[in-house]
Amino acid sequence: MTRTNISEVLTHTDWALLAQQKLQLLLVIDDLEKRCDAAMTYGRTEEREVLSTWLEALSGILHWMDALQDAAQAEGHPAVFLTCPEEDMP
């Protein structure tokens, strides 16, 4: 297995594409949250448990992406941050 330098990986990262992918992940998480709430409202406990597991996993990936972007930006990499429309509303 070839070892890769993390700085090299960050240098070759397409930050604009990663930001778009992260935005799509946020939309999926939002949908899962709504489905999880609906499952709870209608007493579908098994469905809620599955959705909660997916939600927890995807939220963990999202938080890791946030940390990666913050660290990369601190190291001088041109990380791109997009916001959801709801965040722009007063």
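The values are calculated or read from the model by the stated rules, or taken from the named source; none is laboratory data. The structure presented is a predicted model; accordingly, all values stated were derived computationally and were not measured. Cβ coordinates were reconstructed from backbone atoms using ideal geometry, including for glycine residues, and neighbour counts include every protein chain displayed.
The set of residues from segment 74-90 being at pLDDT 90 or above and either in a loop (DSSP other than H, G, I, E, B) or touching a helix residue (DSSP H, G or I) at 6+ places or on another chain (Cβ under 9 Å) (or both) comprises GLU75, GLY76, HIS77, PRO78, ALA79, VAL80. Across segment 3-39, the number of residues qualifying as farther than 16 Å from GLN69 by Cβ and assigned to a loop (DSSP other than H, G, I, E, B) comes to 3. Here SER59 meets the list (1) in contact (Cβ under 8 Å) with a residue 40 or more places away in the chain; (2) out of contact with any Leu (no Cβ under 8 Å at 6 or more places or on another chain) almost entirely, failing just condition (1).
If the condition is being of a type in the set (Gly, Ala, Ser) and over 14 Å from the mean Cα position of the chain (by Cα), then segment 17-58 contributes ALA38, ALA39, GLY43, SER52. Residues that are surrounded by 13 or more Cβ atoms within 10 Å (Cβ to Cβ), polar (S, T, N, Q) and farther than 26 Å from ALA72 by Cα within segment 15-59 comprise just one, SER52.
Filtering segment 8-55 to residues that are in contact with a helix residue (DSSP H, G or I) (Cβ under 8 Å, 6 or more places away or on another chain), polar (S, T, N, Q) and closer than 15 Å to PHE81 by Cα leaves only THR13.
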